[in-house]
1. State, to one decimal in nm, how far the label point of LYS238 lies from the label point of TRP71, with both points 7 Å from Cα in the Cβ direction.
2. Above 31 Å lies some portion of the pair distances; for region 28-365, what is it as a whole percent of all C-alpha pairs?
3. If packing is taken as the average number of other Cβ atoms within 10 Å across a peptide's residues, how do 110-118, 181-189 rank, most packed first?
4. In nm, to one decimal, how far is the LYS54 label point from the MET126 one, both placed 7 Å along Cα→Cβ?
5. Using the heavy atoms of the protein chains alone and a 1.4 angstrom probe, what is the accessible area of region 252-349 per residue in square angstrom?
6. Longer than 31 Å from Cα to Cα, which of LYS63/LYS340; LYS54/LYS248; LYS54/LYS340 are they? Say none if no pair is.
7. Hey, any idea what the orientation-averaged projected area of the convex hull of region 161-304's Cα atoms comes to, in nm²?
8. Taking the Cα centre of the chain as the origin, how large is its charge dipole in debye, to the nearest 20, when only Lys and Arg (+1) and Asp and Glu (-1) carry charge on their Cβ atoms?
Amino acid sequence: MSSSSDHPAAGSIPPSSSSPSAPSSPPSVRSFGGGKVGAPAVRILGTGRYTPEKIVTNVDLEKMVDTSDAWIVERTGIRERRVAAPGELTSDMAAAAGRMALEKAGISADELDMIIVGTISGDMPMPACAAFVQQKLGAKTCPSFDLSAACAGFLYGLTIGERFIRAGGVRYVLVIGVELLSRLLNWEDRKTCVLFGDGAGAVVIGPNDGDGRGILSTHIFTDGSLAGSLFIPGGGSKEPVSQEVVDKRRHLVHMEGQDVFKAAVRNLSSASQAALAANGVSGKDVDWVVAHQANLRILQAVSQRVELPMERFFINIHKYGNTSSASIPIALDELLGEGKLKQGQLVLMCALGAGISWGSALIRW
Ligand code: ACO
């Protein structure tokens, strides 16, 4: 039987502190899609989001596990999260967000050339969640596939979609981040169940009109040596579904929280610095940081390291918890909905999740 210690990086958790420190490292320069993509050729044409109606508060969780509202708020910034209704599917949430993004972009589903769904919690192991999303949107036969990069799934999808459009032959791509993690959590494990929430966010990307707005750069990275810090060990080829796997909760999320915390601070900082350096700008030039909402303390540490003032970070983690790949597009749609993001402003995105995989994007809005 394997355990997290099978993985080279899943060693012992360092002593607890209120803010695990992360060793600094220079920004990596090796990444697919690394650096500036030239004059922006692709921009976001529409955004959408969907979050389930049901709210689970920290106080609700106090009745389920040995935790407290005060601990969760102090350590994470989370106050409540959304949980999908019984029968509600990942593809339902993804299609709802996608429909809204299409509507705002003024694009019909049959104009889509590609659908990319960043998710690790699709409707079923096979086929791709994207196939169900395509069917629900009525998007004809455009290639539709899932992308497994956990919380970095949206930025991976944005990078790939941007490259396809830039290469030609593809005009409109729907990029969705969606996660229904409430069905993959061990609700008896206070170290994980308090962190996550369900939701979906989406963008439609397409060619810009040559006005200099759009995606300026993307950077994506993976460090597989840290695969054991956040994973679902059972249910795949290594530990196929069995009664034992289920009894031992191996089909649910396992996490070494402090390892992930330190990797997040280190790599979100370096990826953000890489985005700024590739475009010859500094933190002072950034108007909005739309970062993956995993933990408020992670974002505060990144803010300090990259010299990005906290007031530039759009924060909604208190309402939704960590919605993994959905968190950036949900936050972007909310930021726009609140009328805060203006044309011409500079937006920095960064995310990190299981893999570990992470990345950044810089966008002239
Ligand atoms: N309620 C109360 N106590 C808790 C809870 C809880 N929900 N969870 C853990 N504790 C206890 C621990 O058992 C420990 O007790 P002990 O000292 O008696 O052993 C104590 O609190 C401190 O635990 P730590 O793990 O050291 O707490 P930490 O300050 O590291 O916070 C947290 C834990 C919030 C998980 C943090 O490490 C974190 O956010 N890590 C990143 C995880 C993450 O975001 N994962 C999402 C996917 S990846 C991503 O999105 C970036």
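1. 2.8 nm
2. Beyond 31 Å sits 26 percent of the P(r) for region 28-365.
3. Descending mean neighbour count gives 110-118, 181-189.
4. Placing both labels 7 Å beyond Cα along the Cβ direction yields 3.1 nm.
5. Details: 3040 Å² over 98 residues.
Counting only protein heavy atoms, the per-residue value for region 252-349 is 31 Å².
6. On the way: LYS63/LYS340 37 Å; LYS54/LYS248 28 Å; LYS54/LYS340 27 Å.
Long pairs (Cα-Cα over 31 Å): LYS63/LYS340.
7. 11.5 nm²
8. 720 debye
The values are calculated or read from the model by the stated rules, or taken from the named source; none is laboratory data. None of the values given here were measured: they were computed from a predicted structure. FYI the Cβ positions are ideal-geometry reconstructions off the backbone, even for glycines, and counts take in every protein chain you see. Calculation scope for accessible area: heavy atoms of the full protein, side chains included, ligands and nucleic acids excluded. Shrake-Rupley method; radii C 1.70, N 1.55, O 1.52, S 1.80 Å.
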